[in-house]
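Worksheet: the structure to be examined is printed underneath.
All of the numbers you see were taken from the coordinates with simple rules; none came from a lab. If you're wondering where the values come from, they're calculated on a predicted model, not measured in any experiment. Positions of Cβ are generated from backbone atoms using ideal geometry, with glycine treated the same way; all protein chains shown enter the neighbour counts.
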Amino acid sequence: MVLVQSLDKTLTLKSPLIIPRSHLSHTEERQMPSIRKRNGLWQAQVRKRNTGSISKSFHRKSDATKWALQQEITLQSGSLISKQRDDHTLNCLMNRYLEEVTPHKRGKEQEGRRIKRLRNDNKLMRTFLRAARPPVFASFRDTRIHDGVRACQVRE
């Protein structure tokens with residue numbers, strides 16, 4: 001049994017009432033922006049499942065509250081553009097890594113060969129980043145083991 005006090009009376013409810021108290025207890029039924037004081041600034045954060053979170057810092061709490069409510073409305077209407085693009089594949093990621101990160105490493109030749117070998121697996125490389133989950137990589141590993149790749153090349 002839950003007691004809820006209002007300004008003029010106390011209500012007794014038979015079912016529990018969901019009241020989100022922090023960013024840890026957000027529910028799909030009721031979204032609430034999280035506003036906290038951090039490093040002398042007010043940080044507003046809005047989260048939504050499957051969309052991610054957005055945060056921004058302000059000098060005044062009222063500005064943080066206004067911004068958070070505005071972002072919450074934008075999230076609910078679906079007009080907010082997601083930070084993560086849905087059209088990227090593992091192949092795009094590996095190509096970019098090969099071009100931007102690998103050249104600055106000491107073992108760039110060996111790493112380049114490993115990446116090029118990985119890029120030969122079309123099934124793995126066509127996987128979208130949003131769908132890249134452990135079962136995808138486990139399947140890739142199992143296929144390599146089944147195909148007879150040497151054990152020293154596959155770590156378990």
(message) Cα atoms only: what Rg and Dmax, in Å, come out for the range 90-150?
(response) 12.6, 35
(message) For the pair residue 70/residue 110, report the inter-label distance in nm, with labels modelled 7 Å from Cα in the Cβ direction.
(response) 5.3
(message) Around residue 139, under 14 Å between beta carbons, what's the net of Lys plus Arg minus Asp minus Glu among the other residues?
(response) +2
(request) May I ask you to evaluate 6.51 cos²θ - 1.76 cosθ + 1.60, the Karplus curve with θ = phi - 60°, for each residue of the range 112-117 and list the ³J(HN,Hα) values in order in whole Hz, giving x for glycine and proline? (result) x, 5, 4, 5, 5, 5
(request) Find how much the distance from residue 139 to residue 117 grows on full extension, using 0.36 nm per residue of separation minus their present alpha carbon separation; answer in nm with one decimal. (result) 6.3 nm
(request) With a point put 7 Å past each Cα toward its Cβ, work out how far residue 99 is from residue 149 in nm, to one decimal. (result) 2.5
(request) Given the peptides 38-48, 91-101, arrange them by the average over their residues of other C-beta atoms within 10 Å, most packed first. (result) 38-48, 91-101
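For the range 33-79, give the magnitude of the charge dipole about the Cα centre (Cβ charges: +1 Lys/Arg, -1 Asp/Glu; no others), in debye to the nearest 20.
200
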(message) Could you tell me the relative contact order of the range 90-150? Use alpha-carbon pairs under 8 Å, at least six residues apart, and round to a whole percent.
(response) 38
(message) Using a 7 Å offset from the Cα along the Cα-to-Cβ direction at both residue 92 and residue 48, what is the distance between the two label points in nm, to one decimal?
(response) 2.2
(message) Apply the Karplus curve 6.51 cos²θ - 1.76 cosθ + 1.60, θ = phi - 60°, to the phi angles in the range 127-134 and return the couplings in whole Hz, x for Gly and Pro.
(response) 6, 6, 4, 5, 9, 6, 10, x
